[in-house]
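In what follows, a structure is listed as structure tokens, so that the remarks can point back to it.
Read the figures in this text as sums done on the coordinates, not as results from a lab. Note that the coordinates shown come from a computational prediction; the quantities given were computed from them, not determined experimentally. Counting neighbours? That spans all protein chains shown, and the Cβs are built from the backbone with ideal geometry, glycine included.
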2 protein chains.
Amino acid sequence: MNVSIIAGGAGFVGCNLLPLLAKEDRHLMVLDNLCRGREEYLDAARAAAPGRVHFIHVDLSDRAATLLAFNAAQKLGTVDEVWHLAANSDIPAGVLDANVDLRDTFMTTFSLLEAMKVHQVPALHFASSSAIYGDLGGVGLHESIGPLLPISNYGAMKLASEALISAAAESYLVSANLFRFPNVVGIPATHGVILDFVNKLAVAPDHLDVLGDGSQQKAYLHVSDLVAAMLRVRGRSTDHKVEVVNIGPTDEGVTVRWIAEQVVARVKPGAEIRFGTGNKGWVGDVPKFKYLTDRMQAYGWAPALGSPGAVARAIDEIARQQGH
Amino acid sequence: MNVSIIAGGAGFVGCNLLPLLAKEDRHLMVLDNLCRGREEYLDAARAAAPGRVHFIHVDLSDRAATLLAFNAAQKLGTVDEVWHLAANSDIPAGVLDANVDLRDTFMTTFSLLEAMKVHQVPALHFASSSAIYGDLGGVGLHESIGPLLPISNYGAMKLASEALISAAAESYLVSANLFRFPNVVGIPATHGVILDFVNKLAVAPDHLDVLGDGSQQKAYLHVSDLVAAMLRVRGRSTDHKVEVVNIGPTDEGVTVRWIAEQVVARVKPGAEIRFGTGNKGWVGDVPKFKYLTDRMQAYGWAPALGSPGAVARAIDEIARQQGH
């Protein structure tokens, strides 16, 4: 039986992907440092595929430990793909200390590639990010635009990972998919603007302080649409080695102001919303971007939910998750 | 007195840059691991600027050692710029073992940026590479083209370095210049196709074995033109933080076949040239590329020598260097 390795698979995106992969007749080996992920997030996949969902608690920036985990996976069958979803997801933390993204976002890529080289694993699916584009000033972002000047260490280490994967594809990988994620929402929420707002209102129910003036506008995708998109591209022919695709909604997104209003309406109606100044929430925050997804659409994919629908659904899901 | 730090300054490009920097009333602190560089390459600059050219033998992938070297430089005066010319320059070695480019090309960037953050050094000039473009199939390469899919770990780690510098410019650097080098020729030659050919003919004077079929065509720049270009951009206003410039000749380059013929004619007339097969010399070699340099020309710069002139001059210089 074939084996999928899912690096960072106990996190937000991973545990939404697992139940879909579990429908196939294969073993799933989840590798995660449980920094934000949790082993109980695997419960749904384990119920769907008894005996086929495995977990190793491992720091993937540790190359020797990563290789040992691959050895364990190889004992289950032939490892034919790696999903690399492991990364630091706290962008401001990475701006303050570059070591965070170096270790959790870049060295995880390095370790995984080294282990794939040793074990001759053919296919890699990588969670890249719109952050690799930096701030190109509102121009439509297609996959071939440049220059790529990320403004956060998170974006820098995602771009660095893309570059390393690309070189590996020339040398030993059979195929690699670089999925450039937008802002993704849904549950289990471990971070992000919606969870922040819900948590702030739990602490101080009468008001909500918003970083920046609320005009930051971004596209949001629901995690259910994201995993469907990745699985669609995964089935492509491998006549070209590296595929780069923006995954996102076709709309221009919603503002932070609108999200704040929706969260207040759902969680604490009547709470006062207080805005800061400036159109960036933090260093490394890209104030506005427009994502072009023609390439993804050519795969016959379109999201079921646009940005407003994705955010509205996620607000309700996260509010329930937090006990509202 | 201000201080320039020149990382990798005892190497090929560094020792061509130093005599020009030495004309300014400033200290020059060269940091180099002497992997390919040599301390005697600093002699010309030391003669031109007695007491102002300093050297520390240091591995810049070692963050603590890098910080100590910056402390030493700071004792001479205010460090106002860093030239980052340190890298592995053996592309095939880096393809075989990704650790080489990780350590010498990327972690050197990481260490230097960390030290610049601590010491609040405002300006960085970085030796990037045409290798970041990967193999885009003969299309003209301008600075805004994508996707950037390097095909060697060397190119990957140069792109990774660009990304990290870009994020640093958003956070603490005042300005950064990303110079995308073409193939650069001249002396002191430490590596490269011309030196390889000259050395092969010294060992076996009757023939010259060429990797690939000789049709690989590349643009070459003489190092004297390269350093002039970098100094031109260094003087720009800092109204935008990050400048990315291709530096290269405007022609489409010369073939490996032509270079082989010129080397044979200069060093061992009559030696038989034997070609291999394929249009790539090694994994990670980009067979042909066309470099667009409009942005550099807008700085009022044009190379004194095109590719044929640069290669011809370098062949003569390298032949002399090797005792012919």
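Distances between copies of B:Gly138, taken at a point 7 Å out from Cα along the Cα→Cβ vector and listed shortest first: 4.0 nm. Whole-Hz Karplus values for region A:244-261 come out as 10, 9, 6, 10, x, x, 8, 7, 8, x, 10, 8, 4, 4, 4, 5, 4, 4 Hz, taken residue by residue from phi with 6.51 cos²θ - 1.76 cosθ + 1.60 and θ = phi - 60°; glycine and proline positions read x.
Sorted from fewest to most neighbouring beta carbons within 10 Å, what does the list B:Arg103, A:Arg180, A:Arg38 look like?
Ordered from fewest to most neighbouring Cβ atoms within 10 Å, B:Arg103, A:Arg180, A:Arg38 come out as A:Arg38, B:Arg103, A:Arg180.
Rg ratio for the protein assembly as shown: its Cα radius of gyration over 2.2 N^0.38 Å, N being its residue count, equals 1.02. Remark on A:Tyr291: its backbone amide H falls under 5 Å from those of A:Leu141, a criterion applied only to residues 5 or more positions apart or on other chains, H modelled at 1.01 Å from N. Short to long, the 10 Å bins of the Cα pair-distance histogram for region A:23-163 hold 11, 37, 32, 17, 3 percent of all pairs.
Take each residue in B:139-147, count the other chain C-beta atoms within 10 Å of its C-beta, and the mean is 4.
Look at B:Lys268, A:Lys290, A:Lys75 and count the other Cβ atoms within 10 Å of each Cβ; fewest to most, that gives A:Lys75, A:Lys290, B:Lys268. If you build a Gaussian network model of chain B, linking Cα atoms that sit under 10 Å apart, which residue out of B:Gly270, B:Gly253, B:Gly309 swings the most? Largest GNM mean-square fluctuation: B:Gly270. Annotation for region A:49-101 versus region B:55-100: alpha-carbon center distance of 30 Å. The tail of the calculated P(r) for region B:153-265, taken as Cα-Cα distances beyond 19 Å, holds 59 percent of the pairs.
Averaged over the residues of peptide A:99-108, the number of Cβ atoms from other protein chains lying within 10 Å of each residue's Cβ is 2. When A:Asp101, A:Asp316 are sorted by how many other C-beta atoms sit within 10 angstrom of their C-beta, beginning with the fewest, the order is A:Asp316, A:Asp101.
Using the average count of surrounding beta-carbon atoms within 10 Å as a protection proxy, the listed peptides A:62-72, A:125-135 rank, highest first, as A:125-135, A:62-72. When you restrict to C-alpha pairs under 8 Å that are six or more residues apart and normalise by the size of chain A, the relative contact order lands at 18 percent.
Could you tell me how many cubic angstrom of Cα convex hull volume region B:59-130 has per residue?
On the way: hull volume 5.8 nm³, N = 72.
It is 81 Å³ per residue.
Starting from the label point of A:Gly51 at 7 Å along Cα→Cβ, the same points in the other copies fall at 8.3 nm, in ascending order. Across region B:45-54, computed HN-Hα scalar couplings (Karplus, 6.51 cos²θ - 1.76 cosθ + 1.60, θ = phi - 60°) run 5, 5, 5, 6, 9, x, x, 10, 10, 10 Hz from first to last residue, x flagging Gly and Pro.
A cut-off under 14 angstrom between Cβ atoms defines the neighbours of A:Gly300, and their net charge, with Lys, Arg +1 and Asp, Glu -1, is +2. Volume per residue for chain A equals 122 cubic angstrom (convex hull of Cα atoms).
Residues whose amide H lies under 5 Å from that of A:Val185, counting only those 5 or more places away or on a different chain, are A:Leu221, A:His222, A:Val223; hydrogens are built 1.01 Å from N in the peptide plane.
Evaluating 6.51 cos²θ - 1.76 cosθ + 1.60 at θ = phi - 60° for every residue in region B:63-77, the Karplus couplings come out as 5, 5, 5, 5, 5, 4, 5, 5, 4, 5, 5, 5, 5, 7, x Hz, glycine and proline recorded as x. Across the identical copies, the 7 Å label point of B:Leu231, projected outward along Cα→Cβ, sits 6.2 nm from its counterparts, in ascending order. Shielding by partners for peptide A:150-156, expressed as the average number of C-beta atoms from other protein chains within 10 Å of each residue's C-beta, is 6.
If R0 is 56 Å, what FRET efficiency do you get for A:Arg234 and B:Glu272 from their C-beta distance, rounded to 0.05? Efficiency, rounded to the nearest 0.05: 0.65. Rounded to 0.05, the FRET efficiency of the B:His207 and B:Asp43 pair, given R0 = 30 Å and the Cβ-Cβ distance, is 0.25. Since only B:Ser128, A:Ala45, A:Leu67 are under comparison, the one whose Cα sits farthest along the positive direction of the charge dipole of the protein assembly as shown, derived from C-beta charges on Lys, Arg, Asp and Glu, is B:Ser128. Modelled this way, with points 7 Å down the Cα-to-C-beta line, the labels at A:Arg63 and B:Ala302 are 4.8 nm from one another. Selection among A:Val79, A:His142, A:Pro308 by position relative to the dipole of chain A gives A:Val79 as farthest towards the positive end (Cβ unit charges, Cα centre). Scaling the Cα radius of gyration of region B:210-324 by the globular reference 2.2 N^0.38 Å produces a ratio of 1.25. Bridge orientation summary for chain A: considering DSSP beta bridges with both residues in this region, about 5 percent are antiparallel.
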